[in-house]
1. Most exposed first by the Cβ proxy, i.e. fewest other Cβ within 10 Å, how do B:Leu105, B:Leu738, B:Leu48 rank?
2. Can you give the % of DSSP beta bridges in segment B:5-170 that are antiparallel, to the nearest 5?
3. Which listed residue (B:Asn682, B:Ser230, B:Ile561) has the Cα farthest towards the positive end of the charge dipole for the protein assembly as shown, taking +1 on Lys and Arg C-beta and -1 on Asp and Glu C-beta about the Cα centre?
4. Given Cα pairs under 8 Å that are at least 6 residues apart, what percent is the relative contact order of chain A?
5. For the residue pair B:Asp198 and B:Asn155, what label-to-label distance in nm results when each label sits 7 Å from Cα along the Cα-to-beta-carbon direction?
6. Figure the gain on full extension for B:Leu322 and B:Ala295 (residue separation times 0.36 nm, minus the Cα-Cα span) and round it to one decimal in nm.
7. Any idea what the dipole of segment A:5-75 comes to, in debye rounded to 20, about its Cα centre with Lys/Arg Cβ at +1 and Asp/Glu Cβ at -1?
8. Exposed loop GluC sites (Glu not before Pro) only (DSSP loop, at most 16 other Cβ atoms within 10 Å): please give the longest stretch of chain B free of them, not including the sites.
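Read-outs: derived from the displayed coordinates by stated rules, not from any lab. Since this is a predicted model, take the numbers as computed values, not measurements. Because the Cβ atoms are built from the backbone with ideal geometry, glycine has one as well, and the counts that use them run over all protein chains shown.
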Amino acid sequence: MRFTVAHLKRGERGIIKSFDQDILPIKLLELGCLPGNEVELIQEAPLRDPLYINVSGSHIAIRRTVALQIEIEPIQGHE
Amino acid sequence: MSKDIKVALIGNPNTGKTSVFNRLTGLNQKVGNYPGITVEKKQGICRLSRGKKAHIVDLPGTYSLNTTSLDESVAVELLLNRNAPDFPDLVVVVSDVENLKRNLLLFTQIKDLRLPAVLVINMADRMKRKGISLDVAALEKKLQTRIALVSTRKNTGIETLKQIIEEYRCLSCQPTIDIKTIDPEYFQRLGKAFPNEDLYKLWVVITQDVNFTPLQKKLPGGEKSFEIKSRQELKKLQHKETIKRYQFINEILKESYAVDLKAARGLRASIDRVLTHRIFGYLIFFVILLTIFQAIFDWSSVPMDAIDAFFASASEWVKGALPEGILTNLIAEGIIAGIGGIVIFIPQIAFLFLFISILEESGYMSRVVFLMDRLMRPFGLSGKSVVPLISGTACAIPAVMATRNIESWKERLITILVTPFMTCSARLPVYLIIISLVIPQGRFLGLSFQALALMMLYLLGFMAAMVSAWALNRILKIPTRRFFMVEMPNYKLPLWKNVFYTVVEKTKSFVYGAGKIILAISIVLWFLGSTGFTEDYNNAETIVSDRVAGQGYTQYSKNYIASNLEAYESALEAETTDASRIADSLEARRGDLEARALSQEIASYRLEHSIIGNMGKFIEPLVQPLGYDWKIGIAVITSFAAREVFVGTLATIYSVGSDEEETIKNRMAAEINEEKGEPLFNLASGVSLLLFYAFAMQCMSTLAIVKRETNSWKWPLLQLAFMSTFAYLTALAAYQILA
Amino acid sequence: MEVWQHIIAYLALGAAVFYLARKFFFPSKPSKGCGPDDCDCH
């Protein structure tokens, strides 16, 4: 199964593996959403949408549909 | 002017760019936490040493040169057009120390345009708290630029920045990366087609189109025979460029920038845990909203009453102090009433903008956007629609402009179309006066009926907005990528100076913008009401005198005379017991009152046959089913330009020719429906009017701004037609059911 | 005096009518907007 940002639980982190270039807006890349960077899920709104994430220092909120396009490698056993 | 150094200030949103601008120029305006708040081009003069000056333009915030919105394209266009009068001698890129990495992305792009660029690293005061260490000298060397470490909050580093600006000629124009490397073959062909142009600049011009269609591709020298890549391909290249830039930046920062994560535990996470909580977050938002509305009403009622009283007495004073004549009447009855109608809004508008700008400055507004996005989506709106909807309770004009940062065109369009349903402050005077006339005193659960009625109207406006958004979402077939992204800036205490200047500026622009229209309309109205061309108008005096002699006074006049006499009689009886003196005084008083009643009847007869009266009679059949007479009809028509004109129009119509210094409310309460012989403003007609104003568009300025923002007449006209029809039908139904 | 009152009053009327006409019938607003195209990020 693909593991994406949308599969993270609150407080969990992961490393971005890849994403669908055609769907993801360039703005996300500019804010640091690039392969190899770390993502942390800070908060989720009810119905798990939108998601409030910290990606390499940028604190942003994105919708679930976009989050599902960002594939990550989860980081186990944080803190 | 030509000797001044021209400086463009650019930077990511939420970097405190506008605060830097304020510090440099002393000419204050807004700094927003909300992306894209600086919409207009702000300019100012910065005084340097030895009498030199820098002319500074504050550009809208942008994350990169890949523009995705109108605001961003404004910034990029200025940097591309070497012939523009504002084309900068140097660019000051404002960044914030916490997000230096992503701020540098924009910096490298600007540098690659071969413009002299300075880097400002703002919020330096936070470095220690965030565990950040920075080697400025090393970074300056790597980036081949000068760096000013600034804190706008503590006011440090500004002098260094001024000095760097002054020495801008020493700055290097070396680019940072070679754009050719992302696709050598493509750029080689591009270079061949446009041999005289800089490749990176060409690239920015070409990609402007990819993200933001309305900008025309202004490639120098025409299209020539150059194969253009598809959007998809260009986008891939943009991705590649971004990745390349980050590689470059990471390389640079590795040696000069470090964050000690252990030291970097901030308040932010704990505040966020509460404010974005799935239950408490909403509760807090709701409480904040309620508090704001409560405060606005409580705080503004006192100054509003004072303003009202002031203008009433000013009008009286003018009549006494100036020589009699048409101009005096125009000033007293037309102009002063008109200005009063504008000034009375100032307290409310100011308070509303005060709260909104505090919410934005503190960073809370972005949390609201986050909380509300999912709830708004079924209605075809975005979380970002919440800000315009809240601003819409002040005025739809800034609210429509605040939709600019909504990414999806469909969500933005729907927001624009439904925002005018929100109860703006211009509706308030109409609501307040009608509610006080037709809603009975009394309380329900400790709340007065009148306050409840007002709350209902606010709710009704909001529901109308949501329901029509839902319908529009179904009807409109606009293919759209529903992308959504909002930055959640760090919380900060609002800079009070910034808040203050926002309030002043917004209030000023509202007063001048709407004020001029209202003033002009009052003048025209006054003339229309005191001019007439018919026989009836010219011979009003004889006609009315004859009628009074024949049939006696109208019911209104009879009541007026009787009630005044009664009051006079009881006053006399308290003074004296001499019956014959009482009778004499009463007789004299009666003659006095009859003369007044006669002149009032003449005035109202004149008004009825003046130009405006004839217009009113003409449209009366249209408004009669709603329970209005021709005077209200006129007020409805004139307030088509702006709702608040309604009360002013009635004030003007009632005061034309009248000597009485009565408040407009008393005058309205005394109006009789001639057909039914009952008060004109009763529950049925009052509710019908309230509903009409709740739903009708009735605002020219909003139409104009919608036209500008949607770039077509189609949407404002549709909006006008829909809202007016809906308003008419609900008002009609309400009157017919209640009457 | 009466004459002056008339002149000034009608000048005010003229200015008001001119202002309203220009504002609503010949709006010279810059027509720069996002337009019907998607302001989307692609």
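1. Working: B:Leu105 25, B:Leu738 14, B:Leu48 17.
Going from least to most buried by this count: B:Leu738, B:Leu48, B:Leu105.
2. On the way: 7 of 26 bridges.
Rounded to the nearest five, the antiparallel share is 25 percent.
3. Positive-end residue among those listed: B:Ser230.
4. Working: 152 pairs, mean separation 33.4, N = 79.
Relative CO of chain A lands at 42 percent.
5. According to this spin-label approximation, the distance is 3.7 nm.
6. Numbers: separation 27, 0.36 × 27 = 9.72 nm, distance 4.06 nm.
Gain on stretching B:Leu322 to B:Ala295: 5.7 nm.
7. On the way: 8 positive and 10 negative charges, 44 e Å.
Once rounded to the nearest 20, the dipole reads 220 debye.
8. Numbers: sites that count: B:Glu40, B:Glu167, B:Glu197, B:Glu223, B:Glu227, B:Glu324, B:Glu660, B:Glu661, B:Glu662, B:Glu674, B:Glu675.
Excluding the exposed sites themselves, the longest stretch runs over B:325-659.
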